[in-house]
Structures are given as C-alpha cells and as structure tokens.
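Undergrad: One structure, as structure tokens, below. Some questions next.
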Amino acid sequence: MRILLVEDDATLAESTTRALRSQGWVVDCTARGEPVPLSLREDRYDLLILDIGLAGIDGFETLRRVRSQGSPIPVLILTARDGVEDRVRGLEIGADDYLVKPFALSELIARARALVRRSQARFSNELKMASLRMDLDARRAWLGEEPLSLSAREWEVLSFMMARIGKVIAKEQIVSASNGWDQSTTDNAVEVCISRLRAKLEPAGIQIRTVRGFGYLLEEQAPAVKT
Amino acid sequence: MLNKALGASLSLKQRLFLWLLMPLLLAVPAGSFALYTLIRNTTVAWLDQGLGDTALALSNFIRTHDGELIVEISGQTDGALRFDRVDRVYYMVLAPQGQRLAGDMMLGEPHVTVTAGEWDFRDVELDGQTLRLSTLGVACGVVGNVCQIRVAETTTKRTSLRRDLLVAVGVTMLLLSTGLVLAGWLAIHQGLRPLGELSTEVERRDLDRLDPLEQPVPNEVRPLIAALNRLFERLRAATGAQQDFLANAAHQLRTPLTSLRTEIELALLEPHDDTLEPLLQRLKNSVDRSARLAQQMLSMARSDATPPHEGQRVLDLRDLAAIAAEDWVPRALDAGIDLGFELESAPVMARSFLLRELLENLIHNAVNYAGEGARITVRVGVRDGRAMLEVEDTGPGIPPEDRGRVLQRFQRGPEAKGSGSGLGLAIAQDIAISHGGTLTLGEGAHGQGLRVRLTLPLAAPSAPVASAPAPLPPAC
C-alpha cells in the first residue's frame, strides 16, 4: 500500500511516516500542497493523508485541486482545528475522513486502513476483513476458503457494518439501511440478526461488540496496534 | 477644606444640595430681618405721623390773652382729639416753664427738651403702661419761649401690628425657603439623572459586552463618555488579543503534541527495554494531559470570545451523545471500560460546540478516573420539565466535601490521577451556567461512583428540532 503524506511540520511528518511504515506501507512525504495534484497523476497512490494547515495553498485548496482533476483517491484530513464547520467543509469538498490533532497512532492507522479497504472494495466490489471476504457482485461470502452462508437480512447487515469497521454503528442506522424492516420489530430483529452473525464470525476472529443502549462495533479480535 | 472633608463621604447630590442649602440658611434669616425692619419702620413712621398730626392740631389752641398763655379746649374737641378705635390717647400742653396749660397731668413727667418746630418720638413707661409719646416744640408768647405739646397713645395697635408683621414675614420666608429647597432638590435630581442612567449603562458592561455608550447626555458629561468609550475600546482590544493569543497558543501546541505522542507510541511499538515501558506510558499520559489542557484552553477562549446567546440554536442532547458515542466507544473499549447509553430526545437551545466540549469533559473524566472494568452510562432525557444529561460511572467517586472544589478551575480531586487538567468540571460548569443550566455532582447508582448531571431549560416545543434518530456519520 502506498501513501502520500502532506504535512508541513517536519517532526510530525517524520514520526507519522515512521508509524505508517511500521505497518509495512510505503510512504512518500511532502511539506507543500502545490505539487500534490501532479504527484497523484504521475504515481499510483492508495491514500492521501492531508494536513489542513499548510504553508502556501492550504489543505482545503489542495483537496479541491485533487478532486477537480478527477482523482478518486481516498483522502484523510489531519487538522488542528476541531470546529464542526471545518469538518463539514472538508467532507463537502471531497475528504473521506477526518482526524483532529492530537490523534492516537492506532486511530490514524485504523482510519487509514479502513479508508483503503473501502476504496479497494469500490474497485473490486469485494469487502475484506481478517479471513472474511464478501463479493458484493455475487452476493457471496467466504471465511478463508469456506463459503459462509448468510440470510438476505444477515447479508445486508454485515455488508453495512463491513463498510464501517472500527466505527460505532447505531441500531437505527442498521434499521434504516436494511430493506423490509418496519420500525416496530426492529430492536429485537436487529439483536437476533447480530447474535446469529456473531456465532458465525467469532471463530474467524471477527468480533461484533455491543455498545450498551446504542448499537454495535465491528472489529478484529486482535487490534493491529496496541496502545 | 470643606470640599475635601465632604468630598470623600458625600454623594454628588448631597454635595450640590449642601452648597445650595448653606447660602439659603444665611440669606433667608438676613432677608427676613431686613424685610421686617423695613416694614416695621415704615408703619411706625406712619403711626407717629398720626400722633404728630394730633399735636399739630393742638398747637392751634394755644393763644395769648393779656400776656398770659391759655389753651381752651371744649369737651367736644377733647373727645375728637382723643378718639381712637384701638388705643387710648393722652395729650398735654406745657408752658415754657413747664406748667400744664391743658390735658393729662401724667404726661408732664418725662423730661424732654425740644426747640421750636422740633419733634421728638419715644416709648415711655407711665402708670404701668407703655406709651408712644410724641413731643412738639411750638414758639409761644414772648419770642424765644417754647411751649411743648405732648401726645401719647397706648401701643396695642403697634404691638399687634408688629406681631402680624412677624407672622407674615416668617410664613412668607418659610414658604419661600421650602419652595427653594424643593426646587433645588428637584433640579439636582433632574440634572443628575443622565449620570444615574449612565452609571446603570456602564454597570451593564463587562468583558463580554463592551459596545460604546451611545445614549444622549448633557454636554458636560460628553468628555467622560468619550473617555469611557475609548477605555472600552482598549479593553475590547486587550481581551480580544488575550483570547486570540490563548486560542492561537492552544492551537499551535497541537502539532508538536501530536508529534510527541506519535513518537512515544512508536517507541512503545518498537522493540525496547522493558524497564522503559512505565516511563513511556507516563510520558504518553502527560502528553495526553497537555493535549487535553490545550483543547480546554481553546474552548475557554472561544466561549469567552462570543457573547452567551450568540449562535445558539435548537439541538437535541441525544444527537450530541450519539456523536460522543462515535468518538468515545472505541477508546473506552481499549481502556477496558463499558461505555453505555440511555438516550431519549431532549431538545435545548445551545451552542453546539460548547455542549460538545462539556460532554467531552464529562466522559473524559469518567473514562480517566473510573478505571478499568468500570461501567459508564451516558443518559439523556427530560426530567421534571428540564432537559437532562448525565454521565454516571462506577469509579471511586468524589466525596461530598470535595465536590464544590472540583468545580473550580485548576482543582483536581485529592485522589486524582490520569490525564485530568483540573479544568474539565469547571469548564463544564461554566458552560452549563452560560446556558441557564446547572451542573451537579452526586453519587452513582447504589451510592457508588460519580454521577455528574447537567440540566438545561427545554427548548420551546414549537421550535424545529432535527428529528433524525441518530446522526449518520458523515464519512459513510
């Protein structure tokens, strides 16, 4: 996996680069936004990590130029600003995710991985996590080499959750994303569906954690980075 | 002297009034006395003139007969001469040698010397009564001889006149001075009213509200207003600069702190001496604490920089808690903490970034102090007609006697550990108060742990509320 990191603080750029490389990823680093569009045209990157507060053109402008040349690369914004407005603005002009400084390394890596995974799923129409693989075209899933049988409802719920690995998902979100569920049966139905999925996925090291009173969280049993 | 002595203790009103009163205290008695004397002297002169007229009338009765001076007055004439409606009138005509020619013997007693044509008026005591005596010298008989004609009357008329005069002058002056005092007080009161209004207006200014004073004022006060407005301007610039500095400093701190944190995390990941592990963990905690402090300073600067009611809108505390869930659940799970939610709709009027900061602080505190294995519950709903948000944990809690203290800035609980700055609860309380709410600390369920409860006024039911059951993460 190849990442382009745009960060003008030399120390932070250095440590972030090392952190990303520790995951076995290839990282190129630049301090300014101006050359970014050209770099993306010339080389194939899987992820752009972009600081907002840059000397010269800022991260927003850089992102705008990247998107205006039609690049679909997933973009993770790093910013020292935490205003909702900034967040909304970044997402509006085409960022895929957003991290506020100071962030935990584990969070950066998890977000980077999730973004890349999602973008790869867009190209290959395949969702992957640990040994789980979901082919979105064929609507078929495998655990390793073993086919995994899922009901239509389980398929909907799991594919929805697979797009949000590591994120908290509200029950209401699962309901509204699933066809054919009416509001009255929801809570119970979701719980039943989740417990069936749990039984099927846990042997493969995939965990669905319950967030009491709120929803669920899909994660791999052994986190990639321990902090 | 007087100015100095009074200046310190008296109000402007009192001073003005005093300065008005003092001349009045001198002028009123002096004026009364002068007026009284003037009128009295005039009336005395008029009455004396009456006596004199009688004396002049008498002088016509002196005749010389065979070289002897005689005065013949008929009983009718005598009655006419003595007629007075109020006082008793006496008269006497004296020959040059002093013997009585006519009239009442008793008037011969006082020794008065007058030349021809001369008048003398005096008060005398005769037979136990006070008399006003007029004496007129008249040439009579041989050349150079002077007869005296004396006319006297009792003083009943004069006494009552004087009394009436005293009352009249006294009452007039009293009314006049009362009127003056009232008018003076009113004038001072009215004249100083713009100052009163000005001070009320200045009283309303504080660091959040430093707009210039603009109400109409008298010319004399304008320089003061101008000076105050310049002062406000400087103050505003100064607090603005201070807030900018604080925000900027806090903001600038984030990048190096991120870098530091990343380095420490990398060091923890890479092969290292086991003895370094606790050190690295402590370092990481310190960095987290600094980062948190920077964030809180930034929030404080921003909340101080905007007036309390600016930018408020209707939002649902449930949505706020849902956002917090996204941020905090992964971290809580990492820390071995069960973070759960009991959420119902609770619309309030608020500035969202401040309430987010508040909730952030409460959850951060709970996660940091409750410890591994703890259970934290974020609860949102409506209780007793107020919106309620509470964060309850099963940690060590805070003893009742320390609860007041932890709500002050930079005070941490005595048992505090972890990455608290001592600002969290104080900021939370400031935010609660600025939204017309309260923040109370209590025990968690079964008397264990800590429960921090925020209550806020419910937003008007008619107000539009975003009614999405939960906000969808924008990234998805």
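The values are calculated or read from the model by the stated rules, or taken from the named source; none is laboratory data. As the structure is a prediction and not an experimental result, all values here were calculated from the model. When we count neighbours, we look across all protein chains shown, and the Cβ atoms used for this are built from the backbone with ideal geometry, even at glycine.
Undergrad: B:E360 versus (1) within 12 Å of chain A (Cβ to nearest Cβ); (2) modelled with pLDDT of 85 or more; (3) surrounded by fewer than 20 Cβ atoms within 10 Å (Cβ to Cβ): which is the lone unmet condition?
TA: (3) is the only condition that B:E360 fails.
Undergrad: Within region B:197-237, work out how many residues are surrounded by 12 or more Cβ atoms within 10 Å (Cβ to Cβ) and in a helix (DSSP H, G or I).
TA: Result for region B:197-237: 15.
Residue-by-condition table, conditions (1) out of contact with any helix residue (DSSP H, G or I) (no Cβ under 6 Å at 6 or more places or on another chain); (2) under 23 Å from B:L268 (Cα atoms); (3) away from every other protein chain (no Cβ under 14 Å); (4) in a helix (DSSP H, G or I):
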{"residue": "A:D8", "(1), (2), (3), (4)": "yes, no, no, no"}
{"residue": "A:L12", "(1), (2), (3), (4)": "no, yes, no, yes"}
{"residue": "A:T17", "(1), (2), (3), (4)": "yes, yes, no, yes"}
{"residue": "A:L20", "(1), (2), (3), (4)": "yes, yes, no, yes"}
{"residue": "A:G24", "(1), (2), (3), (4)": "yes, yes, no, no"}
{"residue": "A:V27", "(1), (2), (3), (4)": "no, yes, no, no"}
{"residue": "A:E34", "(1), (2), (3), (4)": "yes, no, yes, no"}
{"residue": "A:L38", "(1), (2), (3), (4)": "yes, no, yes, yes"}
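Undergrad: For residues that are modelled with pLDDT under 90 and on the phi < 0 side of the Ramachandran plot, tally how many sit in region B:389-411.
TA: The total comes to 15.
Undergrad: Looking only at region A:40-59, which residues are surrounded by 13 or more Cβ atoms within 10 Å (Cβ to Cβ), in a loop (DSSP other than H, G, I, E, B) and among the small types (G, A, S)?
TA: The answer is A:G53, and nothing else.
Undergrad: Okay, next question. Take residues that are touching a residue at least 60 places away in the same chain (Cβ under 8 Å), within 21 Å of B:S434 (Cβ to Cβ) and more than 13 Å from chain A (Cβ to nearest Cβ) and tell me which of the strands (runs of 3 or more DSSP E) falling wholly in region B:269-354 contain 1 or more. Full working, then the answer.
TA: Values: elements: B:313-316, B:338-343, B:347-350.
Per the criteria, B:313-316, B:347-350.
Undergrad: Among the residues that make up region B:88-109, is at least one of them touching a helix residue (DSSP H, G or I) at 6+ places or on another chain (Cβ under 8 Å) and aromatic (F, W, Y)?
TA: yes
Undergrad: I'd like the full set of residues that are touching a residue at least 24 places away in the same chain (Cβ under 8 Å) and of a type in the set (A, V, I, L, M, F, W, C), limited to region B:100-134.
TA: B:L101, B:A102, B:L107, B:V112, B:V114, B:A116, B:W119, B:F121, B:V124, B:L126, B:L131, B:L133
Undergrad: Another question, then. From the list B:R379, B:R386, B:R375, which residue is at negative phi, surrounded by fewer than 22 Cβ atoms within 10 Å (Cβ to Cβ) and under 42 Å from the mean Cα position of the chain (by Cα)?
TA: On the way: B:R379 fails: under 42 Å from the mean Cα position of the chain (by Cα); B:R375 fails: under 42 Å from the mean Cα position of the chain (by Cα).
Among B:R379, B:R386, B:R375, only B:R386 is at negative phi, surrounded by fewer than 22 Cβ atoms within 10 Å (Cβ to Cβ) and under 42 Å from the mean Cα position of the chain (by Cα).
Undergrad: Okay, next question. Got a sec? Which of B:T239, B:T262, B:T275 is modelled with pLDDT under 85 and either in the same structural domain as B:R302 (by TED's automatic domain parsing) or within 22 Å of A:D51 (Cα to Cα) (or both)?
TA: When all the criteria are applied, what remains is B:T239.
Undergrad: I'd like to know if region B:235-256 contains one or more residues that are basic (K, R) and within 14 Å of chain A (Cβ to nearest Cβ). Outline the logic, then answer.
TA: At the first step, the residues of region B:235-256 found to be basic (K, R) are B:236, B:254.
Checking the rest, the ones that are also within 14 Å of chain A (Cβ to nearest Cβ) come to B:254.
Yes, there is a match, as at least one residue in region B:235-256 is basic (K, R) and within 14 Å of chain A (Cβ to nearest Cβ).
Undergrad: A:G70: away from chain B (no Cβ under 14 Å) and either part of a strand (DSSP E or B) or under 23 Å from B:L253 (Cβ atoms) (or both), yes or no?
TA: no
Undergrad: Assuming B:A102 fulfils every condition listed in (1) at pLDDT 85 or above; (2) surrounded by fewer than 16 Cβ atoms within 10 Å (Cβ to Cβ) apart from one, which condition is it?
TA: Of (1) at pLDDT 85 or above; (2) surrounded by fewer than 16 Cβ atoms within 10 Å (Cβ to Cβ), only one is false for B:A102: (2).
Residue-by-condition table, conditions (1) surrounded by 12 or more Cβ atoms within 10 Å (Cβ to Cβ); (2) in a helix (DSSP H, G or I); (3) not hydroxyl-bearing (S, T, Y):
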residue: B:A30; (1), (2), (3): no, yes, yes
residue: B:L56; (1), (2), (3): yes, yes, yes
residue: B:R63; (1), (2), (3): yes, no, yes
residue: B:T77; (1), (2), (3): yes, yes, no
residue: B:D87; (1), (2), (3): yes, no, yes
residue: B:M106; (1), (2), (3): yes, yes, yes
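Quick grid of which residues meet (1) part of a helix (DSSP H, G or I); (2) of a type outside the set (G, A, S); (3) over 49 Å from the mean Cα position of the chain (by Cα); (4) in the same structural domain as B:A34 (by TED's automatic domain parsing):
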| site | (1), (2), (3), (4) |
| --- | --- |
| B:Q148 | no, yes, yes, yes |
| B:E153 | no, yes, yes, yes |
| B:K157 | yes, yes, yes, yes |
| B:V167 | yes, yes, no, no |
| B:T172 | yes, yes, no, no |
| B:L175 | yes, yes, no, no |
| B:G179 | yes, no, no, no |
| B:L182 | yes, yes, no, no |
| B:H189 | yes, yes, no, no |
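Undergrad: Which is touching a strand residue (DSSP E or B) at 6+ places or on another chain (Cβ under 7 Å), over 30 Å from B:L269 (Cα atoms) and within 11 Å of chain B (Cβ to nearest Cβ), of A:A177, A:A141, A:A170?
TA: So the residue among A:A177, A:A141, A:A170 that is touching a strand residue (DSSP E or B) at 6+ places or on another chain (Cβ under 7 Å), over 30 Å from B:L269 (Cα atoms) and within 11 Å of chain B (Cβ to nearest Cβ) is A:A170.
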